Amino acid sequence: MGMPRNTGGGGGLLVGVDMLSERATMMREAVQKSQSITDNMVSILGSFDHRLSALETAMRPTQIRTHTIRKAHENIDRTLKAADVILSQFDLSRQAEAKILKGPHEDLESYLEAIEQLRNNIRFFNNNKSFKSSDGVLNNANNLLAKAISKLEEEFKQLLSSYSKPVEPERLFECLPNSMRPSSGSPGEQDSNSKHHNNGTDNTVYTPPTLIPPRILPLLHDLSQQMVQAGHQQQLAKIYRDRRSPVLEESLRKLGVEKLSKDDVQKMQWEVLEFKIGNWIHFMRIAVKLLFAAERKVCDQMFEGFQQLKDQCFAEVTTGSVAVLLSFGDAIAKSKRSPEKLFVLLDMYEIMRELHSEIESLFRGKSCNEIRESAFGLSKRLAQTAQETFRDFEEAVEKDATKTAVSDGTVHPLTSYVINYVKFLFDYQSTLKQLFQEFENGDSNSQLAAVTMRIMQALQTNLDGKSKQYKDSALTNLFLMNNIHYMVRSVRRSEAKDLLGDDWVQRHRRVVQQHANQYKRIAWAKILQCLSIQGLTSSGGSNSMGVDGQNSSGVSRALVKERLKTFNFQFEELHQRQSQWTVPDTELRESLRLAVAEVLLPAYRSFIKRFGSMVENGKNPQKYVRFASRAKAQDFEIYAPNATFEDPLMRAEGVKQIKSSFYSIGKVFSESRIVEYNITEKEISPGNKEVKDLSILLRPLFTLFILCFRTLTLLSVRLE
C-alpha cells in the first residue's frame, strides 16, 4: 500500500497517523487470535499424550509375550541344529565303526579315512562335554580307536614284512659302476684298473637298490603317520627295527660279511687275512654307498615329517650291521703290527676317508651320534696304526740283522724289498698326505719326503753293515755299488725323484762311482803290478836280446816269464773268483767292463810290445803269452753256429766268416782300440754260454784286438 501524497500542509500528516494506528490495532487482534489457537492445540496434544501413555501401558504385556515367543523359537532352532550336528556325528561314527571293524586289509585308504573321522568325533565330543551322553560316546570312540590303531599296527607289520627281503649280491653288484664290479665270483675281486688309486677324487656314481616298491612306500607312510598321531611312535620304531634290521644283516651275510673277533684275526694266516681285508674294503663301499644309502631313503620317505623318528629308526636298523663291519676294521687296527700290513692299513684308511662324507650325511642327527663317532674313531685308529707301522718299518730296515749274505755281491733282497716297498708307497701319496695331516700340521709333501729319506738312509746304513761281512774288499765295494745303484736307478724311475730331488740322485750317483773306482783299484791293482816295468829295468832302451836271455836294458827273460806266469795265474784266479760275482744292471756292467779294459789292456799291450819278443822267441811261448794278438781255434768255440759279427768294415754271419774277419783286422789296422761294443749271449746249459751276436766300434790306436775281445768276453761271463 502506498503512502498518500501530502498534498497540502498539516492535513496530510494526520491522515497518515490514523492509518498507522488502525493497522497496529489489526495486528494486535491477529496476535491474540494466534495465541488462542496455540493454547487450544497444546490442550489437544496434551490429551493425546495421556491417551498414548495409556495405550503403551496396555500393550506392554503383549510385547513381552511376543519377545518371549521369538526367543523360544530361536532356542528351538539352535537346539534342532545342535541335535542335527550330534546326530550326524553319531551317523559318521557308525560309518567309521563299520569300516574299522572290517579291518584295513581290503581297503586301507577307507580304513585310514575312518580313523581320521573317528578322531574328529572324539575331538567333537571332547569339546561338547555338556551333552549328557558325551562321556559314554567318548569311551566307546576311544576304545574303537585303540582297536583301529592295533589293527593298523598289524597291517603295518604285515606290509613291511611282505616287502622286506634281503638284497642278493648279484643285484648289489649291478648297482655298482662297471669298473667296481667283481671280475670273478668273489666280491673282493674287482677290476684291477680300478683298485689304485683315485687319490681321494672318486666321482663314480652309485645307484642304491630299491628296497621297498615305490607304490608301497606311500601306504607305509600313511600307516606310520596314523600310528605317530596315536602316540605309538616307539611301537612303530620297534616294528621297523625288528623287521628291517635282520634283513639288512642278512643282505650283508649273503654278500660275505663275517663277524670276526680280534682273536680270529690274530690266528689267520697272512694270505687269508689279506684276502679278507680286500673283501672288507669292498663290503664297506657296498654297505655305505648302496645298502645304508637305500635304507636311509626308505626311512626318509616312510617317516616324512618326523625327523627324529627318521634318525632313530635308521640308527636302530643299521647299528648291528655297522658294528659287525667296524669290529673287523678295529681288530685289524689293534692287531700285531708288521711291515706287510702297512699297505692294507692304508687301503682301509683310504676307504674310510672316501666314505667319510657319506657316513656324515647318512648318519646325521642325535640318534646316529654313536655310530658316526665309531666310524670316525676307526679312521683315527687306522691312521695311528699305519703311522706306527711306518715308524716300525723304518727301524726294522736300519736294524735288519739278516745274516744271509749275497755271495755274489748282487742286489741284496733287503734292498729290493725296501725299494719296492717305497715305490709301492707312492701309489698311496694322497692317502699318506692325509694321514700325516691327521697328526701334524705342515707341508705334507715335505713330511713324505722326510720319511722317504729316512727309510733310504736306514737302508744305506744297514747295507754298510752287511758289506762288512765280505772278506774281499773288492766284493765289498761291488756289493755297495750294486745296491746303491739299484736305489738310485729305482728313485730316478719313480715318483720318489720328485720328492727326494736331483741333489739326492746326483749325490748317490757319485757314491756309486766311488765304489766302482774302489772295486777297480782293489780288484785289479795286484794284477796290474805284474805288468809294471818297475823291478824289471831301471832305464828304457831297445828290446834287442843280449847274452843269457837279457835285452839291452838288462831285463832277464826268466823274470819276464815269471811276470807273465804270475799274470796268467792271477788272471785265472781272478777269473775264477769273479765268475761268482754279479753286476745285474746291464748299463753298469758294460761301464765297469770298459773301465777295467781301459786300464788292463793298455798295460798288457805295452808289456807285450816291450818284452813279448823275449818270450815268443823262446820255448813254449804260448805258455806265457796266453792272450796273443792272433786268434786260435779255441777262441771261436764260444760262438754259436749262426752267430753274427759287425765292425766298421764288415758284417760276418756264421763262424767261418767271423774267422775271416778276425784274421783280416790285423792287416787293416796296425793298431786299434775298442770304443764301444755289444755282446748278445745265449745260455746253452747252466753256467755255459755262447756268443750269439757281437758288434764292435774300433778306433785305430793299438793292436791286441783278440786279447781285448777274449778279456772282455771273460769279463762278460764273469760279471754277468
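The values are calculated or read from the model by the stated rules, or taken from the named source; none is laboratory data. Quick caveat: nothing in here was measured; it's all calculated off a predicted structure. Backbone-built Cβ (ideal geometry, glycine too); neighbour counts: all protein chains shown. Just so you know, the surface numbers come from the protein's heavy atoms only, side chains and all, with ligands and any DNA or RNA stripped out. Shrake-Rupley method; radii C 1.70, N 1.55, O 1.52, S 1.80 Å.
Checked against (1) part of a helix (DSSP H, G or I); (2) open to solvent by 10 Å² or more (accessible area, probe 1.4 Å); (3) closer than 25 Å to residue 180 by Cα; (4) out of contact with any Leu (no Cβ under 6 Å at 6 or more places or on another chain), residue 318 meets all criteria but (2). The residues of segment 268-313 that are closer than 30 Å to residue 215 by Cβ and of a type in the set (A, V, I, L, M), listed by number, are 286, 287, 288, 290, 291, 293, 294, 298, 302, 309. Residues in segment 108-130 that are at pLDDT below 70 and open to solvent by 60 Å² or more (accessible area, probe 1.4 Å) were compared, and the one that is farthest from the chain's Cα centre (by Cα) is 130. Count of segment 321-354 residues, restricted to those that are over 27 Å from residue 430 (Cβ atoms) and either surrounded by 19 or more Cβ atoms within 10 Å (Cβ to Cβ) or of a type outside the set (A, V, I, L, M) (or both), is 3. Is it the case, given these coordinates, that residue 404 is modelled with pLDDT under 90, within 30 Å of residue 588 (Cα to Cα) and open to solvent by 50 Å² or more (accessible area, probe 1.4 Å)? So residue 404 passes the test.
The residue that is farthest from the chain's Cα centre (by Cα), counting only those in segment 599-616 that are among the aliphatic types (A, V, I, L, M) and closer than 17 Å to residue 535 by Cα, is 614. Scanning segment 437-489 for residues that are open to solvent by 10 Å² or more (accessible area, probe 1.4 Å) and among the aromatic types (Phe, Trp, Tyr) yields 439, 470, 486.
Based on this model, can you work out whether residue 430 counts as surrounded by fewer than 18 Cβ atoms within 10 Å (Cβ to Cβ) and touching a Gly at 6+ places or on another chain (Cβ under 6 Å)?
yes
Quick check on this structure: which one of 262, 238, 310, 289 is touching a Lys or Arg at 6+ places or on another chain (Cβ under 7 Å) and among the basic types (Lys, Arg)?
Testing whether each residue is touching a Lys or Arg at 6+ places or on another chain (Cβ under 7 Å) and among the basic types (Lys, Arg) leaves just 262.
The residues on offer are 389, 410, 402, and the sole one that is outside any helix (DSSP H, G or I), more than 19 Å from the chain's Cα centre (by Cα) and within 19 Å of residue 338 (Cβ to Cβ) is 402. The condition of being charged (D, E, K, R), more than 30 Å from residue 145 (Cα to Cα) and modelled with pLDDT of 75 or more holds for residue 23. Please indicate, with yes or no, whether at least one residue in segment 370-380 is touching a residue at least 60 places away in the same chain (Cβ under 8 Å), more than 30 Å from residue 420 (Cα to Cα) and within 16 Å of the chain's Cα centre (by Cα). The answer is no; no qualifying residue exists. From 276, 238, which residue is in a helix (DSSP H, G or I), within 24 Å of residue 179 (Cα to Cα) and of a type in the set (D, E, K, R)? Being in a helix (DSSP H, G or I), within 24 Å of residue 179 (Cα to Cα) and of a type in the set (D, E, K, R) holds for just one of 276, 238, which is 276.
Of note, residue 225 does not satisfy the criterion of being polar (S, T, N, Q), surrounded by fewer than 15 Cβ atoms within 10 Å (Cβ to Cβ), part of a helix (DSSP H, G or I) and modelled with pLDDT under 95.
The residues of segment 293-308 that are in contact with a Ser or Thr (Cβ under 8 Å, 6 or more places away or on another chain) and either acidic (Asp, Glu) or in a helix (DSSP H, G or I) (or both), listed by number, are 294, 295, 302, 308.
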